[in-house]
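Before any comments, here is the structure.
The values are calculated or read from the model by the stated rules, or taken from the named source; none is laboratory data. The shown structure was predicted, so the numbers you read here are calculated from the model rather than taken from an experiment. We place every Cβ from the backbone using ideal geometry, glycine too, and count neighbours over all the protein chains shown. Accessible surface areas use protein heavy atoms only, side chains included; no ligands, DNA or RNA. Shrake-Rupley method; radii C 1.70, N 1.55, O 1.52, S 1.80 Å.
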Amino acid sequence: MDVTRDRAWQTLTRYTQAEPLRRHALAVEAAVAGYAQRFGEDEELWRATALLHDFDYEIHPTLDKHPQDGAPILREEGYPEELVEAVLSHAEHLAIPRNTPLKKTLFACDELAGFVHACGLVRPDGIATLEPKSVKKKLKQPSFAAGVHRDEVYAGADGLGVELDDHIRNVIESMRPIADDLGLRTEVAPVE
Ligand SMILES: [Fe+2]
Ligand SMILES: [Fe+2]
């Protein structure tokens, strides 16, 4: 089969109805696509992989099933092993070596895109003026977006070989054009 972003979106939305999960997929897609462009990689494949990394979370919300029980579904749908393996590798508990640029990128973008999203939700202009400095400050506040694993954010940047500041900046910049789709405010409301 031809792996396309559109086909991946169809698969995702067939299994995932919840808006926050769809938005998470879109945020990770944007971040991963940014790196596909920077690295000159197969953007369509990278986008599809990012969109599908949590496609089964709604039907398999626990780690004894996600994402391993989603993999056979992806194979049945005809997705190539390169995509399926990368999806599996984002899960720490499966301990699959992240030995390709796609695997490293997906892992590096997953938690950070979620965190940047959370930062944007509490700002009057979303992520329009968000800077790495303020993201790093929030990373050090354990109570803020407590579900985001900080160790995975740091390990992700490390594995990708990109300085944390640059990585945060890249992810913010990649997410900005789709801020609307992510439910983030794009303009400060005028004071009346
Ligand atoms: Fe996941
Ligand atoms: Fe995720």
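With the checklist (1) surrounded by 17 or more Cβ atoms within 10 Å (Cβ to Cβ); (2) under 23 Å from residue 92 (Cβ atoms) in hand, flag the one item residue 7 doesn't pass.
Answer for residue 7: the failing condition is (2).
Determine, yes or no, whether residue 31 is modelled with pLDDT of 95 or more, under 23 Å from residue 183 (Cβ atoms) and either open to solvent by 70 Å² or more (accessible area, probe 1.4 Å) or within 17 Å of the chain's Cα centre (by Cα) (or both).
Yes; evaluated as a whole, the condition is true for this residue.
Residue 181: in contact with a Leu (Cβ under 6 Å, 6 or more places away or on another chain) and open to solvent by 50 Å² or more (accessible area, probe 1.4 Å), yes or no? Step through it out loud before you land on a result.
Details: in contact with a Leu (Cβ under 6 Å, 6 or more places away or on another chain): yes; open to solvent by 50 Å² or more (accessible area, probe 1.4 Å): yes.
Against the criterion (in contact with a Leu (Cβ under 6 Å, 6 or more places away or on another chain) and open to solvent by 50 Å² or more (accessible area, probe 1.4 Å)), residue 181 qualifies.
Quick one: residue 41 ticks every box in (1) within 22 Å of residue 168 (Cα to Cα); (2) assigned to a loop (DSSP other than H, G, I, E, B); (3) within 16 Å of ligand 1 (Cβ to nearest atom) except a single one, so which number is it?
Going through (1) within 22 Å of residue 168 (Cα to Cα); (2) assigned to a loop (DSSP other than H, G, I, E, B); (3) within 16 Å of ligand 1 (Cβ to nearest atom) one by one, residue 41 breaks only (3).
Do you know which residues across the stretch 5-34 are in contact with a Leu (Cβ under 9 Å, 6 or more places away or on another chain), closer than 13 Å to residue 46 by Cβ and not aliphatic (A, V, I, L, M)?
5, 29 - these are the residues of the stretch 5-34 that are in contact with a Leu (Cβ under 9 Å, 6 or more places away or on another chain), closer than 13 Å to residue 46 by Cβ and not aliphatic (A, V, I, L, M).
Count, please, the residues in the stretch 147-162 that happen to be open to solvent by 20 Å² or more (accessible area, probe 1.4 Å), among the β-branched types (Val, Ile, Thr) and touching an Asp or Glu at 6+ places or on another chain (Cβ under 6 Å).
Residues flagged as open to solvent by 20 Å² or more (accessible area, probe 1.4 Å), among the β-branched types (Val, Ile, Thr) and touching an Asp or Glu at 6+ places or on another chain (Cβ under 6 Å) within the stretch 147-162 amount to 1.
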